[in-house]
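Below you'll find the structure, written out as structure tokens, and then a few comments.
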Amino acid sequence: MVTIPEYYTGKNVLITGATGFMGKVLLEKLLRSCPGVKAAYVLVRPKASQSPSARIADMVNCRLFDRLREDQPDFAEKIVAVNSDLTQPDLDLSKEDQDTLTDCINIVFHCAATIRFNEPLKDAMQLNVLATQKMVSLAHRMKRLEVFIHVSTAYAHCDRELIEEVVYPPPVDYRKLIDTLEWMDDKLVSLMTPKLIGERPNTYTYTKALVEYMVQQECGNLNVAIIRPSIVGASWKEPFPGWIDNFNGPSGIFIAAGKGILRTMRASNSAIADLVPVDVVINTTLAAAWYSGSQRHTRPKSMLVYNCTTGAINPFHWGEVENCINMTFKTNPLEQAFRRPNVNLRSNPFTNQYWTTVSHTIPALLYDAYLWLTGQKPRMMKTITRLHKAMMVLEYFTSHSWVWNTDNVTMLLNQLGPEDRKVFNFDVRQLHWAEYMENYCMGTKKYVLNEELSGLPAARKHLNKLRNIRYTFNTVLVILIWRIFIARSQMARNIWYFVVSLCFKFLSYFRASSTLRY
């Protein structure tokens, strides 16, 4: 078998979702580790008066591409931006672009999707199912296509406890649902959505289950593989540890905890936090395309599914995530923290609701009152409301555990030669979680919040100030409450005098004992 870089040499690759988190990492890794690739075509829609080529030019200027820029200064010449909108008929491709793609593309990576969990069902179907259907249709017309990779999610079938590397029958016939949604108004769709998605928590996982089956049914003789990552987090090693560029998923929660805004969250400490580094997902994706493409004439014709997860191989629990976040942000704090980092996970909904009120809502209201009195615009309650919405979305995934079969991922890893194992490493048995979580938290500081490490001494000083304020406030509060009790209760006064006299006797005894020794 050829090596992975050798397989991609001279190939034309098509990527959808290249401006998204995973798409960027895929593009960077492909160009850096497979320098012989001929061209990378990326489908991009115009946005905010920017042309597709301008959007790509802005994207490749970010820090993610620094290492690639050093190795290959002219790498951008291989990126071809194609004007496209996946929600439009024929993907909104011009006749000239359609002819170009159908004539030259060898490999397709379909990464584009909406990752908003609470997307209206119509929009989720449009972006996740119908867009993929159009991509499969385009792939059928590609004369040189060797492999089509579809990126799904490990939670597509989260209504099951054990998830095998197979495509399961969908909850409904996707064709009938598409026809129904065409004539149904938005209000009626909204009313029907809870009944349709059933035990699944949101429209994202629901439509991802539908699209997997659609790909299986409509792929025909296409060589297709499906990649199912779990909760995609910051990079493990490449292009550098801890790279992350968004607030999505756990990243926003980590930042809120580091700022001291998030104090309590509904989660099970013993549930497995199935985080998977983005570079692990991308290396698996590139290797899967290599295996399916290079073995397309000899391998079995069944569609391969890869559960790209960590829980079954190298489990890590939400309680451990809590400890890592608190430790990292206390040692390396974020700038201008609201309170000292101290997030606590609680499985009991009533306990969590109590602490949400005490630790989130009341402090936010007090801080907004202070801002209002000082002539500033209140903002903390708005931030807390957004945070609570994000936590409600993640609550299902932080309170449950699943078992994923990963036999195909193990098989793929065993197919790699020694050099490919080093360059395209996705062996999560080597992942050290404490180190990874520290890099992840620091990545949110450096790449999302753009905070320089030179500001750490000032941030630590600010954190110490917050600690002193907290201790002073708690001490004064206890004294005030106790004085109120003493003023109103003879029993409290008696207890107070008894404790003081007891302390005085102990001090007198130790003083007398120390005098006798000499």
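The values are calculated or read from the model by the stated rules, or taken from the named source; none is laboratory data. Because the structure is predicted, anything quoted here is derived from the model rather than measured. In this analysis, Cβ positions are derived from the backbone assuming ideal geometry, glycine residues included, and neighbour counts consider all displayed protein chains. For accessibility, only protein heavy atoms count, side chains too; no ligands or nucleic acids. Shrake-Rupley method; radii C 1.70, N 1.55, O 1.52, S 1.80 Å.
In this structure, does GLU199 turn out to be open to solvent by 20 Å² or more (accessible area, probe 1.4 Å), assigned to a helix (DSSP H, G or I), among the charged types (D, E, K, R) and out of contact with any Leu (no Cβ under 6 Å at 6 or more places or on another chain)?
No: the conditions fail for GLU199.
Among residues belonging to segment 133-150 that are outside any loop (DSSP other than H, G, I, E, B) and either open to solvent by 10 Å² or more (accessible area, probe 1.4 Å) or not aliphatic (A, V, I, L, M) (or both), point out the one that is nearest to LEU26 (Cα to Cα).
Across segment 133-150, the extreme among qualifying residues is HIS150.
Kindly establish whether LYS259 is of a type in the set (D, E, K, R), farther than 25 Å from GLY417 by Cβ, open to solvent by 10 Å² or more (accessible area, probe 1.4 Å) and under 20 Å from the mean Cα position of the chain (by Cα).
Spelling it out, LYS259 is indeed of a type in the set (D, E, K, R), farther than 25 Å from GLY417 by Cβ, open to solvent by 10 Å² or more (accessible area, probe 1.4 Å) and under 20 Å from the mean Cα position of the chain (by Cα).
How many residues does segment 456-499 hold that are of a type in the set (A, V, I, L, M, F, W, C), surrounded by 12 or more Cβ atoms within 10 Å (Cβ to Cβ) and either closer than 15 Å to ARG340 by Cα or at pLDDT 80 or above (or both)?
Count: 6.
Quick check on this structure: which one of VAL172, VAL211, VAL166, VAL189 is modelled with pLDDT of 90 or more and surrounded by fewer than 23 Cβ atoms within 10 Å (Cβ to Cβ)?
The unique qualifying residue is VAL166.
Does LEU121 meet the test of being touching a residue at least 12 places away in the same chain (Cβ under 8 Å) and open to solvent by 10 Å² or more (accessible area, probe 1.4 Å)?
Answer is no for this residue.
Determine if segment 64-76 includes at least one residue that is within 26 Å of the chain's Cα centre (by Cα), of a type in the set (Phe, Trp, Tyr) and more than 21 Å from LEU127 (Cα to Cα).
Yes.
Can you tell me how many residues in segment 85-114 are free of Cβ contacts under 8 Å to residues at least 60 places away in the same chain and either open to solvent by less than 30 Å² (accessible area, probe 1.4 Å) or not in a helix (DSSP H, G or I) (or both)?
Matching residues across segment 85-114 total 8.
Considering only residues that are part of a helix (DSSP H, G or I) and of a type in the set (D, E, K, R), look in segment 308-343 and name the one that is surrounded by the most Cβ atoms within 10 Å (Cβ to Cβ).
Pass one, segment 308-343, residues part of a helix (DSSP H, G or I): 318-331.
Retained after the next criterion (residues that are of a type in the set (D, E, K, R)): 320, 322, 330.
Values: GLU320: 16, GLU322: 19, LYS330: 15.
Among residues in segment 308-343 that are part of a helix (DSSP H, G or I) and of a type in the set (D, E, K, R), the one surrounded by the most Cβ atoms within 10 Å (Cβ to Cβ) is GLU322.
Out of all the residues in segment 263-282, which are over 17 Å from CYS441 (Cα atoms) and either polar (S, T, N, Q) or outside any helix (DSSP H, G or I) (or both)? Break it down stepwise before answering.
Taking segment 263-282 first, the residues over 17 Å from CYS441 (Cα atoms) are 264-272, 280-282.
Matches in segment 263-282: THR264, MET265, ARG266, ALA267, SER268, ASN269, SER270, ALA271, ILE272.
Is it the case, given these coordinates, that GLY375 is open to solvent by less than 90 Å² (accessible area, probe 1.4 Å) and at positive phi?
For GLY375, the condition - open to solvent by less than 90 Å² (accessible area, probe 1.4 Å) and at positive phi - is met.
Got at least one residue in segment 220-228 being in a helix (DSSP H, G or I) and touching a helix residue (DSSP H, G or I) at 6+ places or on another chain (Cβ under 6 Å)?
The first filter runs over segment 220-228 and keeps only residues in a helix (DSSP H, G or I), leaving none.
No, because not a single residue in segment 220-228 is in a helix (DSSP H, G or I) and touching a helix residue (DSSP H, G or I) at 6+ places or on another chain (Cβ under 6 Å).
Report yes if some residue within segment 429-440 is open to solvent by less than 80 Å² (accessible area, probe 1.4 Å), under 30 Å from TYR291 (Cβ atoms) and not aromatic (Phe, Trp, Tyr); otherwise report no.
So the first thing to find is which residues in segment 429-440 are open to solvent by less than 80 Å² (accessible area, probe 1.4 Å), and the list is 431, 433-434, 436-437, 439-440.
Right, trim to under 30 Å from TYR291 (Cβ atoms) and you get 431, 433, 436, 439-440.
Filter again for not aromatic (Phe, Trp, Tyr), leaving 431, 439.
The answer is yes; a qualifying residue exists.
Any residue at all in segment 57-70 that's closer than 30 Å to LEU130 by Cβ and surrounded by fewer than 16 Cβ atoms within 10 Å (Cβ to Cβ)?
yes
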